[in-house]
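The values are calculated or read from the model by the stated rules, or taken from the named source; none is laboratory data. None of these values were measured; they are calculated from a predicted model. Heads up, the Cβs are rebuilt from the backbone with ideal geometry, glycines too, and the neighbour counts pull from every protein chain shown. Just so you know, the surface numbers come from the protein's heavy atoms only, side chains and all, with ligands and any DNA or RNA stripped out. Shrake-Rupley method; radii C 1.70, N 1.55, O 1.52, S 1.80 Å.
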Amino acid sequence: PITFLVARSLIDGGAAPVIAELHNVAQGLPVLKVDITKDEARLTALTPDNQVVSYAWRDGSITKVDSDIQYLAQATFDPADYPLDNVARMFDVADLRGVRGTTQSLQIVEYRAGEVLMTVTSRPETSTVFFRQDGTAVAELGFTSVADITAGLEEVVGDATKVYQVGFTQARGYWADIPDSEDGVILNRSRTGGLPAFETRRSETSALATFSPSLLQPAALAKAVALFQASPDEPCDVVIDMSQQRYAPVATITCGSTVHYTDMDGRDMTDLLS
């Protein structure tokens, strides 16, 4: 055991120096996972021969401990790149979002292939809140308000200047099909639930013409969805593309079994296109 005392608790500013010292004890190896509770911090690192080592801090003492993970080509990271001095705030945000177990736990670990995320969970587990690398919580987006539609479309479109198709549904979340830099490949960016946007690629040549995402108008889409809903809680599926072969994209809005069409200003085109 190595003695390492900190003046503050882990959730009140002590996590950053403790994790830094754990990383120092691990000789600065690439890190696979960080765990922090109010009482304990643990760091799991990857050795040059692809073995896993773990060190834990508790009550002012650092010890080597057994690891609870195996190396399966997960992404590694540097914990110094994460805002570990804000653990208390992230715990508070998670509590407000329903993470109400006896013991809250912050983890930094690969969530999807190549994508490292911060999460706050609890024991016993109630729910999970995801945080971006800057410490901001990933919001749970709805599909009817102008603010949510704006945020969802911005996240999936990103910096793309052309898209094949954009849409949002309760089942699928927000998504966009975007021309990839490689010919014959479509980049799909999705944003579901309270998860950050993520990307996948598929080998496919789209039959759709591209359009500029600058034509998307969230306020008009929100107004159209509200117009076509039979009730405020009825889910509607929205798909925007050039499949109608007009000079501008058209939104196909399906509420229940009824299909409606609007232009980008929200004008009803259903009678014209049906």
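State yes or no: is Asp35 crowded, with 18+ Cβ neighbours inside 10 Å, charged (D, E, K, R) and in contact (Cβ under 8 Å) with a residue 24 or more places away in the chain? Judged against the criteria, Asp35 is a match. Restricting the stretch 205-214 to residues that are farther than 16 Å from Gly158 by Cβ and open to solvent by 50 Å² or more (accessible area, probe 1.4 Å) leaves a set whose member that is modelled with the highest pLDDT is Ala209. Looking at Arg202, Arg246, Arg267, Arg191, just one residue is of a type in the set (Lys, Arg) and open to solvent by less than 50 Å² (accessible area, probe 1.4 Å), and that residue is Arg191. Regarding Glu182, is this residue in a loop (DSSP other than H, G, I, E, B) and of a type in the set (Asp, Glu)? Against the criterion (in a loop (DSSP other than H, G, I, E, B) and of a type in the set (Asp, Glu)), Glu182 qualifies. Residues in the stretch 140-155 that are of a type in the set (A, V, I, L, M, F, W, C) and not in a helix (DSSP H, G or I) were compared, and the one that is nearest to Ala226 (Cα to Cα) is Phe143.
Quick grid of which residues meet (1) under 15 Å from the mean Cα position of the chain (by Cα); (2) at pLDDT 90 or above:
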{"position": "Asp92", "(1), (2)": "no, yes"}
{"position": "Thr102", "(1), (2)": "no, no"}
{"position": "Ala137", "(1), (2)": "yes, yes"}
{"position": "Gly142", "(1), (2)": "yes, yes"}
{"position": "Ile149", "(1), (2)": "no, yes"}
{"position": "Gly152", "(1), (2)": "yes, yes"}
{"position": "Val157", "(1), (2)": "yes, yes"}
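Taking the criterion of being under 24 Å from Val166 (Cα atoms) and in contact with a strand residue (DSSP E or B) (Cβ under 7 Å, 6 or more places away or on another chain), the residues of the stretch 97-129 that qualify are Arg112, Glu115. Does Val166 satisfy being under 17 Å from the mean Cα position of the chain (by Cα), open to solvent by less than 60 Å² (accessible area, probe 1.4 Å) and closer than 18 Å to Thr252 by Cβ? Against the criterion (under 17 Å from the mean Cα position of the chain (by Cα), open to solvent by less than 60 Å² (accessible area, probe 1.4 Å) and closer than 18 Å to Thr252 by Cβ), Val166 does not qualify.
Restricted to the stretch 50-131, the set of strands (runs of 3 or more DSSP E) holding at least 3 residues that are of a type in the set (A, V, I, L, M), in contact (Cβ under 8 Å) with a residue 60 or more places away in the chain and at negative phi comprises 103-112.
I'd like to know if the stretch 177-185 contains one or more residues that are over 12 Å from the mean Cα position of the chain (by Cα), open to solvent by 60 Å² or more (accessible area, probe 1.4 Å) and of a type in the set (A, V, I, L, M, F, W, C). No, the stretch 177-185 contains no residue that is over 12 Å from the mean Cα position of the chain (by Cα), open to solvent by 60 Å² or more (accessible area, probe 1.4 Å) and of a type in the set (A, V, I, L, M, F, W, C).
Restricting attention to the stretch 86-119, which residues are closer than 17 Å to Val31 by Cβ and open to solvent by 20 Å² or more (accessible area, probe 1.4 Å)? Residues satisfying the conditions are Gln107, Val109, Glu110, Tyr111, Gly114, Glu115, Val116. Scan the stretch 38-52 for residues that are under 15 Å from Ile108 (Cα atoms) and open to solvent by 30 Å² or more (accessible area, probe 1.4 Å) and the total you get is 2.
Pairing residues of the stretch 190-217 that are over 22 Å from Val138 (Cβ atoms) with residues that are open to solvent by 30 Å² or more (accessible area, probe 1.4 Å) and assigned to a strand (DSSP E or B), at Cβ distances under 8 Å and at least 6 apart in sequence or on separate chains, gives Ser206/Gln165; Ser206/Pro179; Leu208/Gln165; Thr210/Pro179.
Out of Ala226, Ala220, Ala251, one residue alone is assigned to a helix (DSSP H, G or I) and open to solvent by less than 20 Å² (accessible area, probe 1.4 Å). It is Ala220.
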